[in-house]
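Quick notes on the structure that follows.
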Amino acid sequence: MVYEERNVWAGLIISPIVLVAYVVLVLQQAAGGPLTAVDWFPLMLWSIGGGIVGTILLSVAWGILAGMRDPDGVGRSDIRDRDIGRMGARVEQAFVAIAALCVIVLCGIGADVFWIANTMFLGFFVAAVVGGIARVIAYRRGLV
């Protein structure tokens with residue numbers, strides 16, 4: 001497994017954990033009350049930061065283990081990695097655009113800021129996961 005693919009897998013492992021943790025924390029803070037009353041902003045920032053840090057730590061640890069097995073190939077990258085990265089970014093952009101359209105609709109109907117922010121947060125999550133899955137499939141089956 002090449003460096004870039006390990007990074008994709010690290011994101012795919014950490015992202016769902018972060019989303020579940022965020023949802024649990026929001027629901028705990030709501031305590032049966034309205035979700036719009038939750039102080040979601042700090043939770044979201046900590047979740048995003050924690051996801052970034054967690055992905056980096058997992059990627060570094062995985063890279064160290066890979067380097068112990070294959071010191072020459074641990075950070076190797078080629079044109080295929082670049083092409084797969086571009087394809088994954090295009091997939092992600094499509095889902096971010098869909099999320100942005102949903103946010104525009106929510107703004108247009110006067111939805112609470114909680115729903116607007118969480119729709120975009122969920123959109124980023126879906127984009128990252130679907131883009132990551134597309135990259136993994138491309139690594140396993142190749143680009144067509």
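The values are calculated or read from the model by the stated rules, or taken from the named source; none is laboratory data. This one's a predicted model, so the numbers in the text were calculated from it and none came from an experiment. Cβ sites come from the backbone with ideal geometry, for glycine too, and all protein chains shown count toward neighbours. SASA here: full protein model, heavy atoms, side chains in, ligands and nucleic acids out. Shrake-Rupley method; radii C 1.70, N 1.55, O 1.52, S 1.80 Å.
Things worth noting here:
- Rounded percent of accessible protein surface that carbon and sulfur make up, the chain, 1.4 Å probe: 71 percent
- Helix-only [θ]222 nm of the chain, DSSP H runs n ≥ 4, -39500 (n - 2.57) each, per residue, nearest 500: -29500 deg cm²/dmol
- Per residue, the solvent-accessible area of region 8-144 (1.4 Å probe, heavy atoms of protein chains only, all protein chains present) comes to 62 Å².
- Computed from the Cβ-Cβ distance with R0 of 30 Å, the FRET efficiency linking Leu45 to Val105 stands at 0.75.
- Take Thr55: with every protein chain present and a 1.4 Å probe, its accessible area is about 40 Å².
- A 1.4 Å probe, protein heavy atoms only, puts the accessible area of Tyr139 near 20 Å².
- Heavy-atom accessible area with a 1.4 Å probe sorts Ser59, Ser77, largest first, into Ser77, Ser59.
- Annotation: average projected area of the chain is 9.8 square nanometres, based on the convex hull of Cα atoms across all directions.
- Compared with the alpha-carbon gap, the fully stretched path from Ile133 to Leu27 is longer by 35.4 nm at 0.36 nm per residue.
- Spin-label model, Leu122 to Arg140: label points 7 Å out along the Cα-to-beta-carbon direction sit 2.7 nm apart.
- Sorting Trp46, Trp115, Trp40 by solvent-accessible area of protein heavy atoms yields Trp46, Trp115, Trp40, largest first, with a 1.4 Å probe.
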